Amino acid sequence: MPASSRSAELLLASFLVFIITVNAWQGEQHWNSGEHQKISSHSSNSGRYTTTEKSATVSVNDYVVTAENGSSKCLLLRAGLQLQLPYVTIQNRNQSAFVTVPANVSSYSGECGDDENILTVRFNDYYQVALTFTKGEANCKTFLSAVALTYSVTARDFWEAAYPILDTKKTISAVNLTKFSTPVSSSFVCIVELPVKLADGHFLYFSELHVQSFRSSNTTSFARAERCNEQLTQLFPIVIGCSIVGLVVVIVVGYFVTRRQNQTITYERI
């Protein structure tokens, strides 16, 4: 078979592999996006903090928890936080409300314990989220071990809710978690959105997360970061794509070199 034909076939095969890889990755991202991953800007309804669709932009805030004696800042957390809150409408339909922690939130507190570091964030009048970080076995790892959510179902934010659940206070939690696991003295970073599933269909979403717990330093600088697997998964198609492009370049260069050699041989014979 002529060299030019072989090169053309290899080029076509490389292009097909690239298309298949990209399509498979896009399908996986769609599958992982979840049932309620609609994207929209914040509702324009005056006075309401919730929307019926997931917000495309989430404000990223910095939280610092300091020990009572001021000796250390045991917990640093930078993230955008968004809640998904399911409820039943007056039409007896299942609906979800989404609420984000606003920018520059200042109402938060924390605890620096030997076994637990806790951050509690309060916002939008009726919402409170408590994050508990724990050390693992042999004190080698730290991770998010529990989330406690408290909020009120008000007519302001749940305007379609059925009357029996209006003006009720809900407490939702998730325990025995091992989220954002990282070695002690290291931080955990992830630029992609990370969902944490709570009870009864509730979710807490972390965006642009960077966290470090059980710190002994009094500075606000994060230690060396461990990156999340989800972020590496997103980079995989890029690596594959670059590899395929490199292969295509090699094939094209080889094709022209082979063609030039064949032309030289033909010229010498003439």
_Give me log10 I(q)/I(0) at q = 0.24, 0.25, 0.28 Å⁻¹ for segment 64-130, Debye formula, one equal scatterer per alpha-carbon, no solvent._
-1.06, -1.10, -1.23
*Between VAL196 and SER216, what is the label-to-label distance in nm when each label sits 7 Å out along the Cα-to-Cβ direction?*
2.6 nm
*What are the principal axis extents of the Cα atoms in segment 167-207, in Å, biggest first?*
43, 22, 15
_Across LYS54/LYS197; LYS141/LYS179; LYS73/LYS169, pairs whose alpha-carbon gap is larger than 21 Å_ = LYS73/LYS169
*If you roll a 1.4 Å probe over the heavy atoms of the protein chains, what accessible area per residue do you get for segment 44-196, in Å²?*
48 Å²
*From the C-alpha gyration tensor of segment 96-198, pull out the three semi-axes of the equivalent ellipsoid (sqrt of 5λ each), sorted largest to smallest, in whole Å.*
30, 14, 13
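The values are calculated or read from the model by the stated rules, or taken from the named source; none is laboratory data. Keep in mind that what you see is a predicted model, and the values were worked out from it rather than measured. Don't worry about glycine lacking a Cβ; one is built from the backbone with ideal geometry, like all the others, and counts go over all protein chains shown. What goes into the accessible areas is simple: the full protein's heavy atoms, side chains included, and nothing from ligands, DNA or RNA. Shrake-Rupley method; radii C 1.70, N 1.55, O 1.52, S 1.80 Å.
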